[in-house]
1. Failed condition for Lys64, given (1) among the basic types (Lys, Arg); (2) closer than 14 Å to Lys108 by Cα; (3) surrounded by fewer than 13 Cβ atoms within 10 Å (Cβ to Cβ), with all others met?
2. Working only within region 547-561, note down all residues that are among the polar types (S, T, N, Q) and closer than 14 Å to Phe527 by Cβ.
3. Just to be sure I understand the filter: pairs with C-beta atoms under 7 Å, separated by 6 or more residues or on different chains, first member in region 503-524 and in contact (Cβ under 8 Å) with a residue 12 or more places away in the chain and on the phi > 0 side of the Ramachandran plot, second member assigned to a loop (DSSP other than H, G, I, E, B) and of a type outside the set (Ser, Thr, Tyr). Which pairs pass?
4. Kindly provide the set of residues from region 416-463 that are hydrophobic (A, V, I, L, M, F, W, C), surrounded by fewer than 24 Cβ atoms within 10 Å (Cβ to Cβ) and closer than 30 Å to Lys342 by Cβ, ordered by number.
5. Across region 341-367, what is the number of residues that are of a type in the set (Phe, Trp, Tyr) and over 21 Å from Phe308 (Cβ atoms)?
6. Which residues, counting only those in region 303-325, are out of contact with any Leu (no Cβ under 7 Å at 6 or more places or on another chain), under 26 Å from Asn189 (Cα atoms) and in a loop (DSSP other than H, G, I, E, B)?
7. Just to check your reading of the model, which residue among Pro533, Pro515 is assigned to a loop (DSSP other than H, G, I, E, B), crowded, with 24+ Cβ neighbours inside 10 Å, out of contact with any Phe, Trp or Tyr (no Cβ under 7 Å at 6 or more places or on another chain) and not acidic (Asp, Glu)?
8. Give, as residue ranges, the strands (runs of 3 or more DSSP E) completely inside region 48-107 that count at least 1 residues that are touching a residue at least 24 places away in the same chain (Cβ under 8 Å) and under 26 Å from the mean Cα position of the chain (by Cα).
Amino acid sequence: MNKKTLLYILAILLVQISKAQSSDTIFITDFGVKPYSYENSVTQIQAAIEACKQKGAKVLSFEKGRYDIWPESAMRKEYYISNTSTESECPSKIKTVGLLFENIQNLKVEGNGALLMFHGKMTTIALDHCQDIKLEELHVDFERPAGSELRYIAVNKNYVDVAVHRDTNYEIVDGKINLYGEGWRSNKNHCIEYNQETESFYYSQDWDILSNSPVQEISPNLIRFTIPADFHPKKGNTLTIRDVVRDQVGMFIHQSKNVTLNGMQMHYMHGLGIISQYSENITMNQVKCMPRSESGRLLAASADMMHFSGCKGKILIDGCYFSGAQDDGINIHGTNLKVVEKINSNTLNLRFSHGQSYGFQAYFPGDTVAFIKSATMQRGSTACVRSVKPISNYIWQVEFDQKTPEWLELNHDCVENLTCTPSVVIRNNYFTRTSTRGTLVTTPRKVVIENNIYYKTGMSAILIEGDAEGWFESGPVCDVQIRSNTFIDCAYNGGPGNAVIGINPSNSVINANNPVHKNIRIENNTFKIFDYPVLYAKSTEGLSFINNTIERTTQLKPSTSNKNLFYFNGCNNVKIQNIIYKGDILNKNIQLKNMKRKQLKYSSELTIHSKNN
């Protein structure tokens, strides 16, 4: 074969390879979608997604720019989603979905920094029964976010002047203010106030007062409220207000596997944030849940920013940024259903018991479950699921491969799905501007929380619960390592005991020799605290607090009622060693309850206070 022929063959091969690569990539611009058209692009984008499914394309590519998406012509589908809304709050579970990926495999969505600007109330993206999906560099925002923001700019004896954020729509009707958006009105409102001097979010009743006070418009986006004489708001503070009904979610990952979000930016999420439900192997890498800097907004989510319910495999959250949630940054849990009827020796009727979680399948054939004694939160025997049948949106009938325990108390004890529990790694993240917690996690598998910064979370930066009484979320943890994190002025709003780290299962029977949680190690962290306690732990065995630094800060004022550096209730085999202290430490006290001193090993500089021993 001569050189000329070889070059000809190579040229043909290159053309064929180019065509093959092209067929593997679908460009949304080929479907008539143009950036900065400001037209509703939902139909064309959905057509591009469907083409990926039909042709088996490997890449869906966006050109950088802005794309507008309205509810009109969007996909609609019924989804029962954990921790969202009660039946009375939101009878219909039909979600309006901007980008619906359903039964799609092996697809990468190249966002290239494209901004998806949503309108009205929508679930922005849903991945339903998908596998091996990557979403990269997509930015998501709302033209009119469901959160409203108003800042005090003048405070006088009889009135206050309030600057309304440019993205907040309002109207004055009969001398009172209405907050509204594109096709909706804010009715059942919840208010969080931001103090810019202390950089803290806290619960506020100010909106209850203002919304019932006479108001007039001074100029566009500048309004004046006539206020009661005993009302003294703080100039410069901002009120963030949203409707509490979680009728949509930011993003929904449903019964999917091997999903990666890489470099995504979620600038506002309505209802609940990114919720992964009964999915397997979820990676959140360099995801930013925060307002666009140019927007000047504080809020980025109506509730939790990342919520994982009933997931399995591995959850990895790495290098993410959380700022501006009206609830938790991360929440990872399962859902316990209550035993309400024994059908036969192997079959139970189980009921969803919290009004915001119902209607979805929580057990699958082949799953391993544990039977939970609610009073002690102890896992008893285990069994395998043979079959599952819905009786109603609230009651599911589950048949097991063996007899159920005789000790199960109807309308009290629960069944936990052990198969649908994940291992978890949360590392290199930043949490700020939330009135509640940074991280909640409850799973029996290995958990590592490392190299994160928790900056002024309103409640406990990290909370481990285990609940069969209130939210009915999961059971005991068995292996948790919290290491090399920095906590700065957290827990000024509460939760439990205003502790930076809280371990607080729901068991009503407390026995130090029969604890709920086990093997929690808190090591090599830095706690910059204005108040105490650093750690509150209930019913935990094998708890260690070793090689940590505690440093006093002074910007926030300590409570006069918090007297203890540590609070332990019904714990066993606790170790506190090698603490480095910096600054004016208020005290070095340990409070013990429902346990004996011999169940604790501690450094000599600490002082024990105990009761009910």
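The values are calculated or read from the model by the stated rules, or taken from the named source; none is laboratory data. Keep in mind that this is a model prediction, so the values were computed, not measured. Cβ coordinates were reconstructed from backbone atoms using ideal geometry, including for glycine residues, and neighbour counts include every protein chain displayed.
1. Status for Lys64: all satisfied but (2).
2. Once the filter is applied, which keeps residues that are among the polar types (S, T, N, Q) and closer than 14 Å to Phe527 by Cβ, region 547-561 yields Asn547, Asn548, Thr549, Thr553.
3. Between residues of region 503-524 that are in contact (Cβ under 8 Å) with a residue 12 or more places away in the chain and on the phi > 0 side of the Ramachandran plot and residues that are assigned to a loop (DSSP other than H, G, I, E, B) and of a type outside the set (Ser, Thr, Tyr), the close pairs are Asn519/Cys478; Asn519/Asp479; Asn524/Asn547; Asn524/Asn548.
4. Passing the criteria: only Leu418.
5. 0
6. Met305, the sole residue that qualifies.
7. Within the list Pro533, Pro515, the selection yields Pro515.
8. Passing ranges, in order: 66-69, 75-78, 94-102.
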